[in-house]
Amino acid sequence: MMSNDALTIQNLTKKFGTFTAVDNISLTVKKGEVFGFLGANGAGKTTTIRMICALLEPTSGEIELDGLSVLRQPEEVKMRIGYMSQKFSLYQDLTPFENMEFFSEIYNVAPEKLAEEKENLAAELKLNNLDNILTKELPLGYKQRLALRTTLIHDPPILFLDEATSGVDPVGRRQFWDQIYELSAAGKTVFVTTHYMDEAEYCHRLSIMDKGKIVQTGTPAELKDKFDVSSMQDVFLQAIQY
Amino acid sequence: MSEKIIQLKNIAKRYDNIMALDHVSVSIPHSAIIGFIGPDGAGKSTLMKIILTLETADEGEGTVLGNSIETKKRAIRRHIGYMPEIFSLYTDLSVEENLKFFFQIYKIPKSQYKEKMEMLYGFNRLENFKTTLAGHLSGGMKQKLALSCALMHDPKILVLDEPTTGVDPVSRAEFWKMLNQLKSEGKTVLISTPYLDEAMQCDYIYLFHQGKILKQGLPDQIISEYEIPFYQIETRDPIPAMKKLQRSQLHARFYLIGDTIHCAMLTKAEPSVLEMKKIAGNEITIKKITPTLEDIFLDLLERPGEINDVK
Amino acid sequence: MALLGIITKEFYHIMRDFRTLIILFLMPLLQMIMFGYALNLEIQKVEITIDDFDHSEYSRQLIRAFQGSDFFEIISDDNQDLEVQFFKRAIRGHLTIPNGFAKNMNANQPTQVDFMIDASNSNDAILIEQYAMQTLLHFKELIGVKQYVPVEINQVFRFNPELKSTYFMVPGLLALLMIMITTMLTSITLVREKEMGTMTLLKISPLHSFEIIIGKVVPYLLLSLLVGTIIVLVGVILFQVPVRGSILLLYFFLLLYCLTGLSFGMMISSLAKTQQVAMLFALMSTVLPTLILAGFIFPLAAMPKILQYISYIIPARYFLIIVRGIMLKDNTFIELLKPSLALIGFSTIFIIVSTKKFKTYLEQ
Ligand SMILES: Nc1ncnc2c1ncn2[C@@H]1O[C@H](COP(=O)(O)OP(=O)(O)OP(=O)(O)O)[C@@H](O)[C@H]1O
Ligand SMILES: [Mg+2]
């Protein structure tokens with residue numbers, strides 16, 4: 001039977017030396033969900049995502065992604081995920097198109113699909129010189145949308161966006177989130193971390209992490225009810241014990 | 001207003017074929033928090049670097065603390081602290097070693113070491129990570145460390161380029177407490193931020209766009225003087241409702257803010273509540289609101305034609 | 001206080017970048033083993049003096065043979081002290097034809113002439129020896145002796161009696177590796193600060209540029225001296241190269257030489273934007289000139305005039321002479337006065353220009 005879950009994490013732990021960065025967390029994300037992952041700085045969000053994406057080996061625990069075990073089938077898992085990291089991860093000294101070409105090589109993307117994606121990007125950014133401008137010359141908001149498009153080049157069913165909108169201005173963030181919604185509507189699962197609490201409101205469901213543990217999980221409405229506050233900002237401030 | 005400590009007149013700066021700054025003038029008093037806001041690439045960082053004397057303007061002139069930005073670079077740099085936009089600390093040094101290094105190069109009397117560290121660890125909460133290498137910190141922790149290094153310095157002017165990017169809400173609140181503390185000590189803080197709730201906490205803001213200053217003033221004043229009416233629409237399922245409204249022929253822009261829809265009229269006319277209900281469903285409630293800076297920011301940048309008029 | 005801060009920080013960088021540290025210490029070792037052998041090179045015109053105690057037809061014929069050779073140039077000896085001549089490198093060979101040379105030959109007796117060779121450059125010494133042998137054969141043709149004539153050259157090697165090539169190579173490698181390492185060290189660490197953005201923070205800090213410069217130079221100077229010591233020790237232990245002269249003098253010049261490289265690296269860092277560029281530039285601008293123009297592998301005498309002139313501004317050229325002088329010949333400062341003054345002069349100019357350039361970069 002096909003499961004409805006895009007991602008299941010069970011008792012996941014990561015230690016760096018004696019320091020426990022992720023402390024026995026469990027979590028389920030449903031297909032098509034926009035799932036928010038909040039938490040204070042250093043709570044362990046990025047570490048968790050890196051383990052899910054098979055970039056970092058867990059100390060213990062199980063991760064199942066799209067029916068595959070991340071520990072036992074990391075290569076298959078990597079084909080099914082798109083990962084956009086906190087730091088901007090494209091080649092700054094290549095053009096946007098060259099970046100796309102490079103990543104489509106890696107993921108064995110058909111040339112027709114690449115051509116189509118290039119067109120989409122040009123239309124979306126309303127720029128027609130994407131093959132003769134260097135990526136580093138683009139404004140940050142554009143870079144992030146380029147990164148998102150590139151992350152999507154191999155059509156992965158699950159996307160991990162680690163602070164993809166950090167530092168992006170309100171207009172850029174809005175456009176970025178429009179895109180996230182489109183993806184979700186198209187059936188993709190989107191897993192996001194963010195420190196913008198207005199973005200937290202846009203998630204279908206979310207978890208709040210604190211010092212390596214998941215301390216709250218629910219829909220924004222549920223969490224606001226639970227703490228009897230009117231915004232996610234207040235939920236966050238109450239959920240985190242500094 | 002009181003005496004100005006930064007005065008820039010008609011500053012222009014060009015990089016290759018981009019006009020990064022297109023003849024802007026600012027004058028900044030002491031004991032104030034000045035916000036630079038605007039979309040990416042609008043010229044905020046460039047203007048900061050010109051004030052810091054790290055870049056030279058192609059045109060225009062200016063003084064910082066009475067020193068010319070062209071000829072008295074060293075005098076200016078001595079009195080100015082800076083946190084750059086990109087992470088600029090030593091990743092192979094521990095948290096404590098980084099802090100100590102900056103304490104030393106800022107030439108702060110040794111007797112203040114303990115007190116400074118207490119204050120900074122209080123804000124950055126990195127005390128338990130003293131011996132962790134900066135390169136092993138999480139993104140936001142790095143940011144807080146960099147910020148702490150900038151705050152270590154005791155300069156008359158502090159220039160912070162997007163210091164709170166990636167910093168969690170709790171730490172951001174504490175950081176702003178510290179900024180207000182510095183302000184009360186008579187310091188001037190120039191800060192750029194993509195968070196418009198932070199811009200509200202500034203004493204004065206400059207809104208940059210394409211190398212020009214699009215708007216400036218006290219945040220409240222900018223809001224109260226903004227003439228376009230805004231409305232807030234509440235409904236159980238805002239996204240489909242918003243989509244419907246956007247597709248309609250109504251003379252307004254609709255967008256999501258949190259779990260509500262905001263509506264900015266394209267003219268000064270009142271909206272037709274009835275019409276909206278017809279489109280988005282009867283259960284919606286509509287009320288007129290005072291816009292936030294974010295509403296205004298979005299309106300200024302997305303309003304068709306507006307930007308081109310400015311160009 | 002602030003200066004101490006930079007120096008401490010720099011030591012943290014050094015200690016934590018373990019890989020670079022290993023490379024830094026292993027590279028000289030490997031290089032020495034690689035370079036330590038087999039170099040076969042041509043030279044021209046070796047100045048020699050001749051003492052003829054025989055004054056016979058045969059002895060004049062022998063002198064003529066040497067005169068006719070393209071390789072040797074006989075200079076008049078003016079009764080100067082042989083020792084001094086060798087020291088000053090005025091001559092690199094000395095032929096003594098003993099009294100009774102002709103008599104012995106006529107009697108078909110085993111006959112010997114003495115040929116003294118400066119062997120501080122062992123490769124040259126081997127070549128000089130071979131040419132002397134050829135000249136002797138030519139002499140035999142000249143006098144038309146078809147049958148066996150037992151004339152021999154008794155070779156005496158000066159300075160380097162065992163004629164080890166590494167004797168010559170170790171000072172050369174010291175000169176080559178030290179300038180390369182020092183230039184790379186400062187250029188890379190400074191450009192890394194540029195890349196990481198920390199340079200901006202240093203520029204904007206209340207640090208004086210001299211504090212930044214000294215703070216950067218001191219740790220790397222110590223590190224370079226350590227590497228230099230290793231090179232010398234490897235030479236002494238592995239290749240039995242002697243250090244005949246004053247160690248203090250050797251270190252004085254090593255220090256000066258390192259400072260030259262370190263400040264040159266600083267100049268590079270004010271121009272280069274990435275570490276790769278800095279590294280390439282540092283390598284190109286040190287290795288090639290040192291190899292080609294310092295008289296390390298190719299004798300300067302064999303160079304086109306223009307290159308010879310250029311070689312005068314290369315500190316390595318003087319450093320090489322000095323190190324050889326101290327290690328192999330027990331030369332004193334006075335004996336090395338000329339190259340010493342040249343090295344001091346050029347290095348000082350280099351250091352001043354480079355630090356000025358870097359200072360301008362910091363303050364612009
Ligand atoms: N390679 C590493 N070595 C040691 N500690 C590490 C390493 N990587 C991460 N950590 C530690 O793990 C903890 C969690 O880091 P992580 O990057 O997951 O936080 P985060 O929740 O993503 O924070 P932020 O919101 O600031 O991005 C931090 O305390 C960090 O210092
Ligand atoms: Mg993170």
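The values are calculated or read from the model by the stated rules, or taken from the named source; none is laboratory data. Quantities reported herein were computed from a predicted structural model and do not represent experimental measurements. Here Cβ is always computed from backbone atoms with ideal geometry, including for glycine, and neighbour counts include all displayed protein chains. Heavy atoms of the whole protein, side chains included, go into the accessibility calculation; ligands, DNA and RNA do not. Shrake-Rupley method; radii C 1.70, N 1.55, O 1.52, S 1.80 Å.
Residues of region B:147-187 buried by at least 20 Å² of accessible area upon assembly of all protein chains, compared with the chain on its own (1.4 Å probe): B:Thr165, B:Gly166, B:Asp168, B:Pro169, B:Val170.
Each peptide in C:243-254, B:275-286 receives the mean, over its residues, of other Cβ atoms within 10 Å, and ordering these scores from highest gives C:243-254, B:275-286. Here region B:91-154 is treated with +1 on each Lys and Arg Cβ and -1 on each Asp and Glu Cβ, and its dipole about the Cα centre works out to around 60 debye.
Annotation: peptides A:221-232, C:203-214, ranked by per-residue average of other Cβ atoms within 10 Å with the highest first, follow the order C:203-214, A:221-232. Rg and Dmax of the protein assembly as shown, both derived from C-alpha coordinates alone, stand at 37.7, 139 Å. Placing A:Arg145, B:Arg125, C:Arg19 in order of accessible area, with the largest value first and a 1.4 Å probe, yields C:Arg19, B:Arg125, A:Arg145. Farthest towards the positive end of the charge dipole of chain C, among the residues C:Ile117, C:Leu337, C:Ala272, is the Cα of C:Ala272, using unit charges on the Cβ of Lys, Arg, Asp and Glu. Shown for chain C are the DSSP H helices of 18 Å or more along their axis, judged by Cα atoms, with a mean Kyte-Doolittle hydropathy of at least 1.0: C:18-35, C:165-196, C:209-239, C:247-271, C:275-293, C:315-329. Report the Cα centroid-to-centroid distance between region A:1-22 and region C:85-131 in angstrom, as an integer. A separation of 84 Å, based on Cα centres.
Backbone phi angles across region B:122-136, fed through the Karplus curve with coefficients 6.51, -1.76 and 1.60 (θ = phi - 60°), yield HN-Hα couplings of x, 7, 8, 6, 9, 4, 6, 10, 2, 8, 6, 5, 4, x, 9 Hz in residue order; Gly and Pro are listed as x.
Counting Lys and Arg as +1 and Asp and Glu as -1 over every other residue whose Cβ lies under 12 Å from the Cβ of B:Cys263, the net charge comes to -2. Anisotropy class assigned to region B:224-309 is prolate, per the alpha carbon gyration tensor with a/c at or over the 1.5 cut-off and a/b larger than b/c.
Label region B:42-200 by shape, choosing from rounded, prolate and oblate, from the square roots a ≥ b ≥ c of the eigenvalues of the Cα gyration tensor; if a/c is under 1.5 it is rounded, and otherwise prolate applies when a/b is larger than b/c, oblate when it is not. In terms of gyration-tensor shape, prolate.
Region B:23-60 and region A:86-115 have their alpha-carbon centroids 35 Å apart.
Note on C:Ser120: accessible area is roughly 0 Å² with a 1.4 Å probe, heavy atoms of protein only. Partner shielding of A:167-179 amounts to 5, given as the average count of beta-carbon atoms from other chains within 10 Å of each residue beta-carbon.
Plainly put, region A:93-155 has a radius of gyration that is 0.92 times its Kirkwood radius, both from alpha-carbon atoms, as the Rg/Rh ratio.
Give me the one-decimal Kirkwood hydrodynamic radius in Å for chain C, with the sum taken over alpha-carbon pairs. Final number for the Kirkwood radius of chain C is 22.8 Å. Amide H contacts under 5 Å for B:Leu160: B:Met83, B:Leu190, B:Ile191, B:Ser192, restricted to partners 5 or more places along the chain or on a different chain, H placed in the peptide plane at 1.01 Å from N.
For region C:1-24 versus region B:213-272, the inter-centroid distance based on Cα atoms is 56 Å. Cα convex hull, region B:77-136: 103 Å³ per residue, rounded to a whole number.
For chain B, a Kirkwood hydrodynamic radius built from all Cα pairs, placed in the Stokes-Einstein relation at 37 °C and 0.692 mPa s, yields a translational diffusion coefficient of 153 µm²/s. Among the residues of B:189-195, the average count of other protein chain beta-carbon atoms within 10 Å of the residue beta-carbon is 3.
Compared with the dominant Cα axis of chain B, that is its longest principal axis, helix B:169-184 is turned about 60°.
Looking at region B:190-242, the GluC sites (Glu not before Pro) that sit in a DSSP loop and have at most 16 other Cβ atoms within 10 Å of their own Cβ are B:Glu225, B:Glu227. Residues whose amide H comes within less than 5 Å of that of B:Ile289, counting only those at least five positions distant or on another chain, are B:Phe230, B:Tyr231, B:Gln232 (H built at 1.01 Å from N in the peptide plane). The residues packed around A:His154, meaning those with a beta-carbon under 15 Å from its beta-carbon, carry a net charge of -3 if Lys and Arg are +1 and Asp and Glu are -1.
Kindly express, to the nearest 10 degrees and within the range 0 to 90, the angle between helix B:95-105's C-alpha long axis and the longest C-alpha principal axis of chain B. Helix B:95-105 and the main axis of chain B meet at about 70 degrees.
Counting only Cβ charges, +1 for Lys and Arg and -1 for Asp and Glu, the dipole size of chain A around its Cα centre is about 560 debye. Largest accessible area first, the listed residues A:Ile158, C:Ile321 line up as C:Ile321, A:Ile158 when surface is computed with a 1.4 Å probe on the assembled protein chains.
Taken about its Cα centre, chain C carries a charge dipole of roughly 1480 debye when the Cβ of each Lys and Arg holds +1 and the Cβ of each Asp and Glu holds -1.
When the listed pairs A:Lys118/B:Lys288; A:Lys31/B:Lys144; B:Lys114/B:Lys177; A:Lys31/A:Lys113; A:Lys188/B:Lys144; A:Lys126/A:Lys224 are checked against a 32 Å cut-off, the alpha-carbon distance exceeds it for A:Lys118/B:Lys288; A:Lys31/B:Lys144; A:Lys188/B:Lys144; A:Lys126/A:Lys224. Relative contact order of chain B: 19 percent, from C-alpha pairs under 8 Å at least 6 residues apart in sequence.
Over region C:218-364, the reciprocal of the mean inverse Cα-Cα separation, the Kirkwood hydrodynamic radius, stands at 16.4 Å.
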